[in-house]
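The values are calculated or read from the model by the stated rules, or taken from the named source; none is laboratory data. A quick note: this is a predicted structure, and the numbers were derived from the prediction, not measured. Reconstructed Cβ throughout: ideal geometry from the backbone, glycine too, with neighbour counts over all protein chains shown. Protein only, heavy atoms only, side chains kept; ligands, DNA and RNA dropped before computing areas. Shrake-Rupley method; radii C 1.70, N 1.55, O 1.52, S 1.80 Å.
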Amino acid sequence: MAAFTIRGKNVEVTPALRDYVEKRVGKITKYFDNVGEIAVLLSVEGKHHKVEVTAPVARGILLRGEEHSEDMYSSIDLVIEKLERQIRKQKTKLARRFRQGGFKAEAVETFAQPIPEEDELYPVVKTKRFTLQPMDVQEAIMQMNLLNHHFFVFRNAESEEVNIVYGRHDGKYALIEVEEG
């Protein structure tokens, strides 16, 4: 059984809730040999009962799902369905990535979803080229908003590194700093 870190924000993590999370979220361990510590955040904001799950399934590969509903147990069920859909959708790529082991291919063989041809997995329908302009984060956010885009790639004038800003669902902004690895 995988290790869990279960936290609550504006909700008490009762033993019954903890058991339900471990039972339901633990289902993803049947797909992988070595799942790292699974982080689960349960939060309540008004009528929204939100569940966020992050599970490291291999070096550099994270499964992440987030769902909300008016009931915490329903939200847990919804996030598991989402994670299993991600695994089904990506099973060919995951199996290829885990050639040396780690992915339990037999665990997803029962999924009836047809496997698309390699060229159909992620069709690229458009390519854009642009020059990275040096600017600060505030300028990048302003430019993103002026373009009415959801994200914006730029060269940070301070660090001279490529960064990405994006708009979050809560109306705030986030910055991604790229690390070579």
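Screening the candidates 160, 139 for the property of being on the phi > 0 side of the Ramachandran plot and not assigned by the TED database to the domain that holds residue 90 yields one hit, 160. Whenever a residue of the range 27-52 is basic (Lys, Arg), its partners that are assigned to a loop (DSSP other than H, G, I, E, B) and open to solvent by 70 Å² or more (accessible area, probe 1.4 Å), lying with C-beta atoms within less than 6 angstrom and at least six residues away or across chains, give the pairs 47/70.
Suppose we filter the range 169-181 for residues that are open to solvent by 80 Å² or more (accessible area, probe 1.4 Å) and either in a strand (DSSP E or B) or modelled with pLDDT of 90 or more (or both); how many remain? Give the derivation first.
Our first condition is that a residue be open to solvent by 80 Å² or more (accessible area, probe 1.4 Å); within the range 169-181, this holds for 169-170, 172-173, 177, 179-181.
Now drop any that are not either in a strand (DSSP E or B) or modelled with pLDDT of 90 or more (or both), which leaves 172-173, 177.
Residues flagged as open to solvent by 80 Å² or more (accessible area, probe 1.4 Å) and either in a strand (DSSP E or B) or modelled with pLDDT of 90 or more (or both) within the range 169-181 amount to 3.
Scan 17, 42, 63 and give me the residue that is in contact with a Lys or Arg (Cβ under 9 Å, 6 or more places away or on another chain) and surrounded by 16 or more Cβ atoms within 10 Å (Cβ to Cβ). Unique residue meeting the criteria: 42.
Working only within the range 131-161, note down all residues that are among the charged types (D, E, K, R) and open to solvent by less than 100 Å² (accessible area, probe 1.4 Å).
Let us first name the residues in the range 131-161 that are among the charged types (D, E, K, R), namely 136, 139, 155, 158, 160-161.
Residues satisfying the conditions are 136, 139, 155, 161.
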